[in-house]
1. Could you compute the net charge surrounding L99? Neighbours are other residues with a C-beta less than 11 Å from the C-beta of L99; K and R count +1, D and E count -1.
2. Calculate, in whole percent, how much of the Cα-Cα pair population of the chain lies beyond 27 Å.
3. Going by average Cβ neighbours within 10 Å, how do the peptides 34-46, 310-322, 283-295 rank, with the highest at the top?
4. Report, to the nearest 10°, how far helix 318-334 tilts away from the longest principal axis of the Cα atoms in the chain, using its own Cα long axis and a range of 0 to 90°.
5. Relative to the longest principal Cα axis of the chain, at what angle does helix 196-210 sit, 0 to 90 degrees, rounded to 10?
6. Using the basic label-point model (7 angstrom from Cα toward the beta carbon), what is the A298 to K280 distance in nanometres?
7. Average the reciprocal distances over every distinct pair of alpha-carbons in the range 228-307, invert the result, and give the Kirkwood radius in Å.
8. Where Rh is the Kirkwood radius over the Cα pairs of the range 315-373, the temperature 37 °C and the viscosity 0.692 mPa s, what D in µm²/s does Stokes-Einstein return?
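Read-outs throughout are calculated quantities, based only on the coordinates presented, and are distinct from any laboratory measurement. These figures come from a predicted structure and were not determined experimentally. All Cβ positions, glycine included, derive from the backbone under ideal geometry; neighbour counts span all protein chains shown.
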Amino acid sequence: MILSHYPASRIPATLLALCAFPSLGWGAKPTIDLNTPEGRYLNRVQVESDLSKKVILLEFFPDVFPTSSAAEYIYSELQARYQQTGKLDRALAAGTIVLNLNPNNLEAACLNWRIAADMKDPALTAEWVKRTGGVAEKALKTPSPEMSQATRDCGVSARDANEAQAYSEAASAKNSADRVKLLEQFLKNHPDTKHVNDIEVMLYLAYREQGDAARALAAAEKVVAHNETREDAMLLVAESYFKAGRDPNTVLSLSRKAIDRLAKAERPAGLSEADWNRNKTTEMTQANFMIGSVNFQAEKWEAADQAFRAALPNLTDPRYRAEALNSLGWANYKLKNMPDALKFYVECTNIPGPFQLAASKTLNTITAEFRIK
């Protein structure tokens, strides 16, 4: 929610309600020593029941006692009394002085937010939402026992509004480098954010967009650790491990999850049916090829045969097609399925490349072994 985009009359009522506090001063009441001029003056301020006279006394206090330790209390009172009398500009200025004296005074920040909203100035309201949220970040870590629940609620509301604003700005950055920078800063500022899973995906996509393979892989590993909705991330990790000969069990697990996900996934918005079907076919072929290869290396012939057969119809790259055919030939030989073993080896011998000669030799061996003409 970007509050500055809302006219004052449309700022969400739930947020404004949270800072609609009674118009009372919140500055800690100073200790009054009636034996001093300052103490007698403060006592007179506190007992004065006439609002206009009280305001006059408060206004004169800083001039009479410019170094008083009661300054925060006096300006807090002025902030509240000015608001009561409709002098909103003065109330806002007094609240700003309070915050200059005590940057953790959440009550003053919340009241200034309320005042800005009453002034029907969207930009000023947005400014005070942001500032109140900043004050709340610190004040709510160790809140005073005397802090009212309304003040706590106001601080939480402003803090959440700031987080939503920062998240929106980071997530919508068009340039991938800017997006990464803003998202990483957001995570640093909001380590407990509810958006952490979405940010992990966005960082993975941004790194991939930049062509940063190492960071894209690291981000994808975070995603797949607890997110089973990104088959592209699963396959990126699986393929990386597969090529490195690393952790075959993870390769199998992620490849199978990607296939399951692709079988159920709906076409993403903005992607044509033809492109979606082409992408699904490519990714499922990739996953089945890796499953077949891992099982082949483990001499699990039935599993290897099943996966390679699923991949074969869409393996258009001669190098990978020849490898799949050669592996299928051997798997079927071990399964004693000689007709299919011969068929796969014959097709492999027709593809120029590193598997052609090996397939030809194996084919000759099998035909000799079984006396096949």
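1. -1
2. Details: 45334 of 69378 pairs.
Tail of P(r) above 27 Å: 65 percent of Cα pairs.
3. On the way: 34-46: 13.9, 310-322: 15.8, 283-295: 23.2.
Output ranking for 34-46, 310-322, 283-295: 283-295, 310-322, 34-46.
4. Result, in degrees: 60.
5. Once rounded, the angle reads 60 degrees.
6. Using points 7 Å along Cα→Cβ, the separation is 2.7 nm.
7. The Cα-based Kirkwood calculation yields 12.9 Å.
8. Here the translational diffusion coefficient equals 297 µm²/s.
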